[in-house]
Amino acid sequence: MRAITGTDISEFFKSGADLLVLTAAGEFVGIDAGEVEQQHEGAYAFVLLEDGGEVQILLERSAIVGGDWFPDALDDAGALVPAVADEMAELITADGILPGRVAKAQAATEAWEAAEQEANRLALARAVAVTEVTAFAGSQSAGARLLDLDQSTVNKLVKKAKASAAGQARA
């Protein structure tokens, strides 16, 4: 992934595309508005394309042509002024790309933490279930044979279940 540049914005403008987007692969691509599957709320929104890929909208052509964002963006010949394109790139990075990536990282962290909690819950449930098998089988060795597990795995799981039960008793 690389930073957006004024050249990227100039190339987008010259292409005639409706939207400049950042793909999941880190590419800056100009697309037509018809390729967006869902309605979007303007720049910096994450949207799905017709092909199922997710992109972040960085700039709409109308923001350049309409002159709302930078009234002096176009020269007398209708070309995008390079210094303005560079300034747009800096603003897009600061206001859109970076906050968008921070939000994605935070969401990924929350999802990972939830998955980790679920994995820990399931690991404990496994340890308790294996401990119950060993209790009814009469020994950890017999439980290991019934479960087709290594003796050391059963020992660790029984120890984990007992430690958890002791921890809950103290709480």
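The values are calculated or read from the model by the stated rules, or taken from the named source; none is laboratory data. Keep in mind that what you see is a predicted model, and the values were worked out from it rather than measured. As a convention, Cβ positions derive from the backbone with ideal geometry for all residues, glycine included, and neighbour counts pool all protein chains shown. Side chains are part of the model used for accessible areas, which takes the heavy atoms of the whole protein and leaves out ligands, DNA and RNA. Shrake-Rupley method; radii C 1.70, N 1.55, O 1.52, S 1.80 Å.
Comparing Ala25, Ala105, Leu147 along the charge dipole axis of the chain, the residue lying farthest to the positive side is Leu147, per the Cβ-charge model. Within the range 1-149, all pairs of alpha-carbon atoms sorted by distance into 10 Å bins from zero give the percentages 10, 29, 20, 10, 8, 10, 7, 4, 1, 0.
State to the nearest 20 debye the size of the charge dipole of the range 74-121 about its Cα centre, where the only charges are +1 on K and R beta carbons and -1 on D and E beta carbons. Walk me through the intermediate numbers first.
Values: 3 positive and 10 negative charges, 66 e Å.
That gives a dipole near 320 debye.
Net length available on complete extension from Asp32 to Asp148 is 36.0 nm, with 0.36 nm assigned per residue and the Cα-Cα distance removed. Put a plus charge on the Cβ of each Lys and Arg, a minus charge on the Cβ of each Asp and Glu, and nothing anywhere else: the dipole of the range 24-86 about its Cα centre is then about 100 debye. When +1 charges are put on Lys and Arg Cβ atoms and -1 charges on Asp and Glu Cβ atoms, the dipole computed for the range 4-109 relative to its Cα centre reaches about 320 debye.
Given Cα pairs under 8 Å that are at least 6 residues apart, what percent is the relative contact order of the chain?
Details: 189 pairs, mean separation 28.2, N = 171.
Once normalised by length, the contact order is 17 percent.
Per residue, the accessible area of the chain comes to 61 Å², computed with a 1.4 Å probe over protein heavy atoms only. Overall shape of the range 67-126 was characterised from the C-alpha gyration tensor. The equivalent ellipsoid obtained from it has semi-axes of 48, 7, 7 Å, in decreasing order.
With helices as the sole contributors, the chain gives -18000 deg cm²/dmol at 222 nm; each DSSP H run of n ≥ 4 counts as -39500 (n - 2.57), and the sum is divided by every residue.
Take 103-116, 29-42 and order them by the average number of nearby Cβ atoms within 10 Å per residue, most first; the result is 29-42, 103-116.
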